[in-house]
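Chemist: My structure is below; once you've seen it, I'll send some questions.
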Amino acid sequence: MKLPTLREVGTEARLLLIGIPVFIWTMIPIYHMFLFAISPKEDAFSGKLWPDHPTLHNFSIVFHQQHYFLRDFWIQFGNSVVIAVAVGALTLVIATCAAYAISRLRVPGSRVVMNLALFTYFIPAAFLAVPMYRTMGKYGLLNNDWSLILAMVTIASPYAIWVLKQASDKLPVELDEAAVMDGASPLQIFRLVYVPLMMPSLVAIGTYAVLLAWNEYLYAFLLLSNDKDITLPVALGNFLAADDSPWELLMTTGFIYALPPAAVYYAFKRYMVGGLTAGAVKS
Amino acid sequence: MAITLSASDSALAEAPRPVLLTPSQVWGIVMLAPYLLVFLAFVVYPVGYGLWLARDPASYVALFNDPIFARAAVNTLIFLLVGINLKMLIALFLSGFFIQQRGWIKWLSVIFILPWAVPSIPTILSVRFMLNPEWGVINQLIFKFTGEDGPNWLNDPTVALAMAIGMHIWKSLPFWTLILMTGRLAISHDLFEAAEVDGATWWQKFRFITWPSMQTLYITCTLLSMIWTLGDFNSVYLLTGGGPADLTHVLSTLGIRYLRLDQLSLAMASIVCAMPLVLPLVYFMMKRLSR
């Protein structure tokens, strides 16, 4: 076995000197949240870095809705799930159809549509929130799940269309031509050739839209306000309204809320890294 | 309209040749329709309506007379110029760290992406509690070790804004590091080997190989990050709530503040005032991406 040279040890030490602060910086807010989630109330406020009596009691309180702030936990969890899934499905349908029309069917004016979509993508969503809130009021959709679903579809579609268009531009035209020769209609090509070939990008975009909707706070908090209509992030924000908020329960709920997207992210990382980062910045 | 009319006219004339729309183009329009409907109903109409609400010059006068607006504009600029550049420089540096071939660095990169993978609300609230002057873990530790009370972190506008910027960096640093890593990995390894043979220093390798091939990507990322950061509502709103005394608002939280106070025309006017900042950046990004 070869002993490491002094130079190699030096390099390794320098890398560790970067790696350890990066690790601490990344983990502090997450560990703090986890710490609160497993601490009984007395330990949570004592400034300890590990509780004397770690417990899962907080989770049981949340799951059994045994606190005033948590009385609608499961309904709110369900709202989050329904809205995220609906946004994912609708975005996929709308964006896939649009990308197919723009990239494969060469509809006149499709370039304009693509540019309009890109433009919407770049306008920060927070600036669209105020007019969107008023518009939803005019449509009579406020406090209705559909307002949030439609708002999130509006925000998710432009990027979805753009990524899918980039991906479908790479599919060989010969495939379409061969299918046309065999007498396939545009709809058959879409169903039998296009969608199966686009699967990896579709998975990435579906995941993107679901996570975007699950994580959204601003629109959810503006558009929904009844305790039984709101999504989990809004419920978390509402904890702040009281001065004596039960932090350990808030952090436990936050931890539960953060787990599904983290799991989805890591499960689909393969698709996310290939499909999305390539699309995010084309150099 | 003209297109469909002439299409049906020629169909009536039983001359299929000069039909302007092929069946596949008709299908294309049908498939484009859902997005166009969404776009009309939830982008064009709201924006047009919002601009109409913001048409009154009096609301701009009121806005410019509101000291909170001036403060928010300055805060936004600080957020963009200091926060983004700091973040992108760190991301550029860390991208060089994370492409090192080590087992533990690979594991670290999996952990490093966590802030991007988890929703921002719980982590921002977690930091907010950490910074609580009485019960927060930071001041508890300061008291334990020094016997003195720690600072009232979020009660000082400068510190509070710095914390919001830190929160933003914490959240989005992994994403940009990942993007810049792909840029670094695309550089041919031969160049570095040749430089190694020539005895180039670390700085020379960065200056003459890495930077020239990454600068376009880096600048694109910086501009894109600026656009997105203009819309970063959560980092400020949930950490400081715009406080103390409305001194840490940025333009994205200010619009919502006016909306909550039922001053709709002021809210829209503040958003219109952000456009000179947003539109040039958007224009540049559109030119870069729609080639």
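Chemist: If you go through the range A:107-126 one residue at a time, how many are charged (D, E, K, R) and at the interface with chain B (Cβ under 7 Å from one of its Cβ atoms)?
Modeler: Start the filter on the range A:107-126 by keeping residues that are charged (D, E, K, R), which leaves A:111.
Filter again for at the interface with chain B (Cβ under 7 Å from one of its Cβ atoms), leaving none.
Summing the residues that are charged (D, E, K, R) and at the interface with chain B (Cβ under 7 Å from one of its Cβ atoms) in the range A:107-126 gives 0.
Chemist: From B:251, B:281, B:247, grab the single residue that is buried (at least 24 other Cβ atoms within 10 Å of the Cβ), farther than 16 Å from residue A:221 by Cβ, assigned by TED's automatic domain parsing to the domain that holds residue B:83 and touching a residue at least 12 places away in the same chain (Cβ under 8 Å).
Modeler: Unique residue meeting the criteria: B:251.
Chemist: Next question, about the same structure. What are the pairs, 6+ residues apart or on separate chains, where a residue within the range A:4-18 that is closer than 19 Å to residue B:108 by Cβ has its Cβ under 9 Å from a residue that is aliphatic (A, V, I, L, M)?
Modeler: Every condition considered, the pairs that remain are A:15/B:105; A:18/B:94.
Chemist: Moving on to the next point. Just to confirm my filter: which helices (runs of 4 or more DSSP H) fall fully inside the range B:108-154 and include at least 3 residues that are more than 21 Å from residue A:20 (Cβ to Cβ)? Break it down stepwise before answering.
Modeler: On the way: elements: B:114-117, B:120-130, B:137-146.
Here the list reads B:120-130, B:137-146.
Chemist: Still on this structure, I have one more. Is it true that residue B:270 is more than 8 Å from chain A (Cβ to nearest Cβ), part of a helix (DSSP H, G or I), over 14 Å from the mean Cα position of the chain (by Cα) and among the small types (Gly, Ala, Ser)? Reasoning before the result, please.
Modeler: On the way: more than 8 Å from chain A (Cβ to nearest Cβ): yes; part of a helix (DSSP H, G or I): yes; over 14 Å from the mean Cα position of the chain (by Cα): yes; among the small types (Gly, Ala, Ser): yes.
For residue B:270, the condition - more than 8 Å from chain A (Cβ to nearest Cβ), part of a helix (DSSP H, G or I), over 14 Å from the mean Cα position of the chain (by Cα) and among the small types (Gly, Ala, Ser) - is met.
Chemist: Then there's this: Can you name the residue in the range A:79-106 that is of a type in the set (Gly, Ala, Ser), within 18 Å of the chain's Cα centre (by Cα) and buried (at least 22 other Cβ atoms within 10 Å of the Cβ) and, of all such residues, is farthest from the other protein chains (Cβ to nearest Cβ)?
Modeler: Looking only at the range A:79-106, we keep the residues that are of a type in the set (Gly, Ala, Ser), and these are A:80, A:84, A:86, A:88-89, A:95, A:98-99, A:101, A:103.
Cutting the leftovers down to within 18 Å of the chain's Cα centre (by Cα) gives us A:80, A:84, A:86, A:88-89, A:95.
Next cut, buried (at least 22 other Cβ atoms within 10 Å of the Cβ) only: A:80, A:84, A:88, A:95.
On the way: A:80: 10, A:84: 11, A:88: 15, A:95: 7 Å.
The extreme case among them is A:88.
Chemist: Filter the range A:218-270 for residues that are under 18 Å from the mean Cα position of the chain (by Cα), in contact (Cβ under 8 Å) with a residue 24 or more places away in the chain and at the interface with chain B (Cβ under 7 Å from one of its Cβ atoms) and give the result.
Modeler: A:218, A:233, A:254, A:255, A:257, A:258, A:261, A:265
Chemist: Considering each of B:78, B:68 in turn, give the residue that is touching a residue at least 60 places away in the same chain (Cβ under 8 Å), among the β-branched types (Val, Ile, Thr) and surrounded by 16 or more Cβ atoms within 10 Å (Cβ to Cβ).
Modeler: Answer to the selection: B:68.
Chemist: Also, I was wondering about something else. Condition first: more than 12 Å from every other protein chain (Cβ to nearest Cβ), in contact with a Phe, Trp or Tyr (Cβ under 7 Å, 6 or more places away or on another chain) and under 26 Å from residue A:81 (Cβ atoms). Can you find one or more residues in the range A:179-201 that meet it?
Modeler: yes
Chemist: Out of A:26, A:5, I need the residue that is over 16 Å from residue A:236 (Cβ atoms), surrounded by fewer than 11 Cβ atoms within 10 Å (Cβ to Cβ) and among the polar types (S, T, N, Q). Which one?
Modeler: Residue meeting the stated conditions: A:5.
Yes or no, residue by residue, for (1) outside any helix (DSSP H, G or I); (2) modelled with pLDDT of 85 or more; (3) exposed (fewer than 14 other Cβ atoms within 10 Å of the Cβ):
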site: B:179; (1), (2), (3): no, yes, no
site: B:193; (1), (2), (3): no, yes, yes
site: B:214; (1), (2), (3): no, yes, no
site: B:224; (1), (2), (3): no, yes, no
site: B:241; (1), (2), (3): yes, no, no
site: B:288; (1), (2), (3): no, no, no
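Chemist: A further question follows. Just need a number here: residues in the range B:149-172 that are more than 9 Å from chain A (Cβ to nearest Cβ) and within 13 Å of residue B:232 (Cβ to Cβ).
Modeler: Keep residues of the range B:149-172 that are more than 9 Å from chain A (Cβ to nearest Cβ), which gives B:149-166, B:168-169, B:171-172.
Imposing the further condition that a residue be within 13 Å of residue B:232 (Cβ to Cβ) reduces the set to B:161, B:164-166, B:168-169, B:171-172.
Number of matching residues: 8.
Chemist: Quick test for you: out of B:61, B:110, B:43, pick the one residue that is under 27 Å from the mean Cα position of the chain (by Cα), surrounded by fewer than 22 Cβ atoms within 10 Å (Cβ to Cβ) and either more than 10 Å from chain A (Cβ to nearest Cβ) or within 24 Å of residue A:208 (Cα to Cα) (or both).
Modeler: On the way: B:61 fails: under 27 Å from the mean Cα position of the chain (by Cα); B:43 fails: surrounded by fewer than 22 Cβ atoms within 10 Å (Cβ to Cβ).
After applying the criteria, what remains is B:110.
The values are calculated or read from the model by the stated rules, or taken from the named source; none is laboratory data. Since the structure is predicted, the reported quantities are computational estimates derived from the model, not experimental observations. Every residue, glycine as well, gets a Cβ built from its backbone with ideal geometry; the counts of neighbours run over all protein chains shown.
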